[in-house]
Every structure is written in C-alpha cells, then in structure tokens.
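Taking it in order: structure first as structure tokens, then the write-up.
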Amino acid sequence: MKNFRTILAAVLMLCCATLSAHDFEVEGIYYNILSEEDRTVEVTYKGSYSGEYSGEYSGNVAIPANVTYEGTTYSVTTIGEEAFYDCNYLTSIEIPNSVTTIGEIGKSAFCGCDGLTSIVVAEDNTIYDSREDCNAIIETATNTLITGCKNTVIPNSVTTIGASAFCGCWYLTSIEIPNSVTTIGESAFEFCNYLTSIEIPNSVTTIGDRAFEYCSSLTSIEIPNSVTTIGDNAFYQCNRLTSVTSLISANELFSIGNNVFKGVDKNACTLYVPYGAKETYAATDGWNEYTNIVEIKGYDLTVSAANYATLYLDYNATIPEGVEVYTASTVDGNRLMMQEVTGILPANTGVIVRAEQGTYTFEQTFEKVDAIESNLLRGSVEDVYITPAKDAKYYVLAMKDGVVGMYEDALSGGTFKNNAHKAYLVLGEKNLGIYDEEVDTEDPGMQLSNSYYFDFGGTTAIDPVVTEVNDNIYYDLSGRRVENPVQGIYIVNGKKRLVK
C-alpha cells in the first residue's frame, strides 16, 4: 500500500501544478470560492499540494447543495480536481443536484479512494446520475462513467469508461464491462493493483493511454478484434502477465502505442494470435517485441456438395457463420435425433456439420463452455484404426440412394480408419446408446438398424408413395418392427415411406 501511495504521489507531482489551499471549511468539508459574484464554490481538500495528500475525508460524506460561511450562502457547483484524492478511508459519497462539474479531464476527483463502496448522485441532478443504483457517477448526456468504486456495477447504457474512472481503486478485483462500452479512457483502471481479471467485450474500439497501467495482478488479458487503438503505456508494468491473447485479424492489425507492454517479460509471456496471423504480428511494431508468438488453433473443414460433414476437435471452437452443428442425442426407429450446438463447440465433441459446399475455419476460443452430455457421436484428432466392440455397431457418414445418413455398411469391414478430426456414430455399447441385452427378444421393439437418417426436428420429407409392400424391413414411427404393414407412414431403409 505504501509503495502505491509513493508511486501515485510521484506521478501527480510530475503532472499537476501546485494547488491552492482551501478558502474555508464547514462541518469537515473544505471549499474554494469560485465566484463571489455568483456565490459559487467547489469542494476541495484541506491543504496545498506538497507531494502527498493528507486524506482528510473519511467515512460517509454528504456534500450539501448550499453552504453558508460568514453570513454568505454559496451554491456548491463543483467537486475540484483531486478533491478526494487518496482518501482511502472514505466509504460513501452523496452528491447533490447543484453539482455540475466534477474534476477535470484526466484528473479524477476520487483517485486513490480505495475504501469507497457507495456513490449516490441526487435523483434530480441534471448533469450526473447514479442510474440503476450502480454505485458510480455517470455523466448523463454522454453516458460516460466518470467515477467508480469497488462495488460499481456498470449499467448497460454506459458507452465510455472515462479518464481515471477507477484510478487507484486498490481493492477492485474484477468488474464486468457491458457490450455497450466502446471506449476505455486513459488511466481508467490505473493503479488497480488487485485487479486479477477483466473481460474486454467485443464492442470496445479504443483502449486509452495508461488504461491498465500498474495493474500488477493481471495474469492474462484478451484483446477483442473490435479494438482499433491501443494507447501509450496501456498495460505498462502489468508484470505478472503470462499470456496476452489478441483476436485482431492479420488484415486489421495496427501498430500499438509506445511502451504498451513495458515491464512485461516478453520471454515468459506468450502472445496468442489468430490462426494464420503469426507472421503479420511478428512484423508489426509493438507486437513484435514478444519472443513467443503462438497461433490460436484452427481447423479448416471442407463441406462437400452433399452439404454434410463430421467434425471432432480437441479445443473449444467458435462456430463459423453459415454453419450448423449438431450432436446426436438418441435414436427413434431409424431416426437419429439431432441437437443443435450454437455459438461455441465444446472440445472433444463429435458432431454433424451442415452447410453449403465450401471450406470453413473453426478457430479456438478460450471462452469457457460446458461439456455436452448424451452424445452418441465419437471422434479422434488423429488418424486412428478402430475395431468395433462385439456388443456394438459403428456407423459413418455416407450417402446412399441420394440420402445422407450414418451407415454401417459404409465401413470397410471390421476394423476401419477414422480420419483426423472426423466423427462416427456408436450404438449398442454399454452406457452409450442402445444396448442389445436390454432388447426384449419376444418384443424386439427398437432393434439396431444398418442405417440412420438425421432428424433435426420440424418437418422432414416423406419418400415416394409405395403401393405394394416389398421385402424390405418396415418400422412404425415409434421404431417397432412391422411384419405386415398396412396403410400409413413407415420407416424403410432409413427413409420415411407412405404405404397406400
């Protein structure tokens, strides 16, 4: 704590001019007269700046709208720059409707108030607000959060985190930045020494100068691909960083400001970059300081003219636009009941992919996602030879008679090769799918078939009308075998057929 105070005081000595002492004090609050004619004052601190503030404000402070001194009543219109600087025992602040100015750009009135837990602006203040009980000061007209504390919840309407908004908020450990925010201002989180994690949303375009300077507890940071500017010293002395992930694509990459990562061990910290972008980062100013530049995993999946493919990856991946991904939850007759996966494909999950013919890149994401239960599809990340268990049937993706499905007889015999990053279907194995020993031989019910077609929910096509019953095996829509089918819809060889 002492080291923080020393550093912050030294910084302010360099950037701030000598400030005047207060003009008067009333009930523990210090004021400077702004205009005798207009009878306005600002809240300030006790003494002149001498390299260290005394931190005289503590506990709960309620700033009045008006204050009387020597028979003259003044309107409190301003909270002066650094008025509450380093008041680490200040716990709550109430701001009246008369206040129209708080500090100056780049100079927070509350920097270093690490004990502050409650911030309330009067409801009838027309310039500032504390909407949704957010424990913050928001400039109403611009939706800029100008002062926060460790209990702040940033509302979804905020578009900018202002300069020095959380400066010196020592005990802030994490905070959620909503997708409405597009700008993180200069020094916004400077000296938030206990900040261990922060997620920058994919809406932020600007990370200002010194935005995260001296956030020495951060161990990892992810920069979204929406960012177009990173200012000087943005992550200066974030010396515990072991990984920096930049999602900015190669064709949108830009040179970053001066000393953005100064103080970060570029030999120990790994820079993760998008699939195929390593060479571009290695040739771009600022980013090329890193010794270890590692491409995020990616897999290029080719979908044929049949519009289907299988996939199996050993990492969480973002599902590309225009691609549908499905697991197989159970079977119903010859139907393989499919469940769509949206957003992120969890690692080690076999899936069926449906898309227009083309090549699609599944890029790794570090976003956490729950594993999927009850999936009948398996797979491998390398070419492997598989010998089916004797109590199970195995199926691979194929097309027969114009119908895409999972077919047992498409296998090359007993042992078959599963190519890298491909998936296959397993039924009949214990604790996985339909198990043979559970089938009643007197009433076969749902017997294992040689093929299964996909049921994605909703309407599916019915194959041509059959007027005569042939020698194929018929199942009703519940999966029961029918020896003498009459008029109705049946499943034959994995296809729906209407018998007249």
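The values are calculated or read from the model by the stated rules, or taken from the named source; none is laboratory data. Quick caveat: nothing in here was measured; it's all calculated off a predicted structure. Note that we place each Cβ from the backbone using ideal geometry, even for glycine, and neighbour counts take in every protein chain shown.
Tell me, please, whether a residue that is at pLDDT 95 or above, in the same structural domain as residue 113 (by TED's automatic domain parsing), surrounded by 12 or more Cβ atoms within 10 Å (Cβ to Cβ) and charged (D, E, K, R) can be found in the range 46-53.
For the range 46-53, residues at pLDDT 95 or above, in the same structural domain as residue 113 (by TED's automatic domain parsing), surrounded by 12 or more Cβ atoms within 10 Å (Cβ to Cβ) and charged (D, E, K, R): absent.
What is the residue count in the range 155-179 for residues that are assigned to a loop (DSSP other than H, G, I, E, B) and either crowded, with 22+ Cβ neighbours inside 10 Å or not assigned by TED's automatic domain parsing to the domain that holds residue 95 (or both)?
The qualifying residues number 10.
Determine if the range 197-204 includes at least one residue that is in contact with a Ser or Thr (Cβ under 9 Å, 6 or more places away or on another chain), among the β-branched types (Val, Ile, Thr) and within 17 Å of residue 142 (Cα to Cα).
Scanning the range 197-204 turns up at least one residue that is in contact with a Ser or Thr (Cβ under 9 Å, 6 or more places away or on another chain), among the β-branched types (Val, Ile, Thr) and within 17 Å of residue 142 (Cα to Cα).
Within the range 311-340, take every residue that is of a type in the set (D, E, K, R) and in contact (Cβ under 8 Å) with a residue 12 or more places away in the chain and give me the one that is nearest to residue 419 (Cα to Cα).
Among those residues, the one meeting the criterion is 314.
What is the number of the single condition among (1) assigned to a loop (DSSP other than H, G, I, E, B); (2) out of contact with any Phe, Trp or Tyr (no Cβ under 8 Å at 6 or more places or on another chain); (3) within 22 Å of residue 223 (Cα to Cα) that residue 305 does not meet?
(3)
Can you work out which of the residues in the range 336-386 that are of a type in the set (Asp, Glu) and assigned to a loop (DSSP other than H, G, I, E, B) is farthest from the chain's Cα centre (by Cα)?
383
For every residue, the table says whether it meets (1) assigned by TED's automatic domain parsing to the domain that holds residue 377; (2) modelled with pLDDT of 70 or more.
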position: 390; (1), (2): yes, yes
position: 395; (1), (2): yes, yes
position: 422; (1), (2): yes, yes
position: 442; (1), (2): no, no
position: 467; (1), (2): no, no
position: 473; (1), (2): no, yes
position: 478; (1), (2): no, no
position: 485; (1), (2): no, yes
position: 499; (1), (2): no, no
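Mind checking which residues of the range 225-252 are within 16 Å of residue 188 (Cβ to Cβ), of a type outside the set (S, T, N, Q) and surrounded by fewer than 22 Cβ atoms within 10 Å (Cβ to Cβ)?
227, 231, 232, listed by residue number.
Only one of these conditions is not met by residue 176: (1) at pLDDT below 95; (2) under 23 Å from residue 246 (Cα atoms); (3) charged (D, E, K, R). Which number is it?
(1)
May I ask you to list pairs of residues, at least six apart or on different chains, whose Cβ atoms are under 9 Å apart, with the first in the range 296-307 being under 11 Å from residue 362 (Cβ atoms) and the second being exposed (fewer than 13 other Cβ atoms within 10 Å of the Cβ) and modelled with pLDDT of 95 or more?
Close Cβ pairs (under 9 Å, with a partner that is exposed (fewer than 13 other Cβ atoms within 10 Å of the Cβ) and modelled with pLDDT of 95 or more) amount to 300/359; 301/359.
Of all the residues that make up the range 71-105, how many are surrounded by fewer than 20 Cβ atoms within 10 Å (Cβ to Cβ) and not in a loop (DSSP other than H, G, I, E, B)?
8
Conditions (1) within 21 Å of residue 353 (Cβ to Cβ); (2) over 25 Å from the mean Cα position of the chain (by Cα); (3) outside any loop (DSSP other than H, G, I, E, B); (4) not assigned by TED's automatic domain parsing to the domain that holds residue 186, marked per residue:
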| position | (1), (2), (3), (4) |
| --- | --- |
| 239 | no, no, no, yes |
| 255 | no, no, no, yes |
| 261 | no, no, no, yes |
| 285 | no, yes, no, yes |
| 328 | yes, yes, yes, yes |
| 331 | yes, yes, yes, yes |
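This table checks each residue for (1) free of Cβ contacts under 8 Å to residues at least 24 places away in the same chain; (2) within 27 Å of residue 247 (Cβ to Cβ).
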site: 127; (1), (2): no, no
site: 139; (1), (2): yes, no
site: 166; (1), (2): no, yes
site: 186; (1), (2): no, yes
site: 189; (1), (2): no, yes
site: 203; (1), (2): no, yes
